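Coordinate-derived values only; no laboratory data. The model shown is predicted, which means the values in this text are computed figures rather than measured ones. Glycine gets a Cβ as well: all are built from the backbone with ideal geometry, and neighbour counts include every protein chain shown.
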Amino acid sequence: MDIAFSRLDDTTARFTLSGTSQPFTNALRRSMIGEVPTLAIDEVRIYDNTSALFDEMLAHRLGLIPIRTDLDCYVPQDRCSCEGAGCDRCSVMYTLSVEGPGIVYSRDLIPQDPRAAPAVEGIPIVKLAKDQKVVLEARAILNKGRVHAKWQPTTTCGYKNYPVIDVSEKCDACGRCVDECPRGILVIKGGRVAVSEGRVEECSLCRLCERACLNTGIGEESAISIKSEESRYIFVVEGDGSLPVHAILEEALKYLKSQSDELFEKIGELSGVTGDEEKNE
Ligand code: SF4
Ligand code: SF4
Ligand SMILES: [Zn+2]
């Protein structure tokens, strides 16, 4: 399997996976969304709330604020020595006290550990009129997106097959497909339609171009054909700021490896051969 990045920074990754299968590609997507732990607020103690929002709504909004997560500093509660009681290793406390008029923002959440501050400072939580007040304490814990969407580290995580666009000799450069393409990636060049230089990955595989060509009365087969490579995929991942995107990818791959190692060992046990013996062969 090959992986080629066209973009990789803290917030976004765009890469092509080649020589792999759809099930593996989808397992990687699901693993990034649901199996990478992050911090999110899970418990709120409200001392005063005279805003227009119900307490439950306020707590829900707090839960969805992305929190910067240092995975070396925190462990999930079910693996913590406090056995779920809540301690510095498995939870972070926040305080918030704001009086109106004004807007309560995510930056108003003051963390006990500055490394676990909200990832984005300017997320509005609630608007307060004069004399309205919100005073609360909150606790964030580490958990996974498969338990609740608030623990998902990604805002976008998807893939598509790599597009293959062919144009046959039947093309008379009428330009109908060029006008129809919503991505604007087709051009007339050398008496035929062609894909703009370097833009083939932008094709959404919508096949509107094929339909436009058939509508010209060209016959039963359009001059342009859209296919996709079965073993090559374009991935786009955007993080919510809780973890850098490369960390999301690394953690997801570690999870897949641990799952396959476990399966390998189980199969070894069932067949009377240990995983280590198999690996050493
Ligand atoms: S499949 Fe859609 S996006 Fe791709 S070239 Fe045709 S019209 Fe454009
Ligand atoms: S609609 Fe068909 S014939 Fe016209 S430019 Fe496109 S591919 Fe060529
Ligand atoms: Zn603990």
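Calculate the FRET efficiency for D10 and C82 from the Cβ-Cβ distance with a Förster distance of 22 Å, rounded to the nearest 0.05.
Working from the Cβ atoms, E equals 0.10.
Can you give the relative contact order of the range 26-75 as a percent, counting alpha carbon pairs under 8 Å and 6+ residues apart?
It comes to 48 percent, rounded to a whole number.
Take R146, project a point 7 Å from its Cα along the Cβ direction, then tell me which residues of the range 29-55 have their backbone nitrogen under 20 Å from it.
Residues 29-40 qualify, since their backbone N sits under 20 Å from the label point.
I'd like to know which of P118, L208, P23 lies farthest towards the positive end of the charge dipole of the chain, counting +1 on Cβ of Lys and Arg and -1 on Cβ of Asp and Glu.
L208
Based on the mean of other Cβ atoms within 10 Å per residue, sort peptides 188-200, 227-239 so the most packed one is first.
227-239, 188-200
Compute a Gaussian network model of the chain, connecting alpha carbons closer than 10 Å, and tell me which residue from D108, D261, D42 fluctuates the most.
D261
Counting alpha carbon pairs within less than 8 Å and at least 6 residues apart, what relative contact order, in whole percent, applies to the range 38-151?
It comes to 41 percent, rounded to a whole number.
For the chain, modelled as a GNM with alpha-carbon contacts under 10 angstrom, which of I218, I33, I67 fluctuates the most?
Highest fluctuation of the listed residues: I218.
Can you give me the relative contact order of the chain as a percent, contacts being Cα pairs under 8 Å and 6 or more apart?
That works out to 26 percent.
Looking at the chain, do any whole DSSP H helices span at least 30 angstrom along their long axis by alpha carbon and average -0.5 or above on Kyte-Doolittle, and which?
245-270
Rounded to the nearest 0.05, what FRET efficiency is calculated for V120 and D48 with R0 set to 35 Å and r the Cβ-Cβ distance?
0.90
What does the charge dipole of the chain about its Cα centre add up to, to the nearest 20 debye, if the Cβ of each Lys and Arg holds +1 and the Cβ of each Asp and Glu holds -1?
Computed charge dipole of the chain: roughly 920 debye.
Sorted from fewest to most neighbouring beta carbons within 10 Å, what does the list C203, C174, C213 look like?
The fewest-first ordering by Cβ neighbours comes to C174, C203, C213.
With charges set only on the Cβ (+1 for Lys and Arg, -1 for Asp and Glu), what does the dipole of the range 38-151 come to about its Cα centre, in debye to the nearest 20?
In debye, rounded to 20, the range 38-151 gives about 320.
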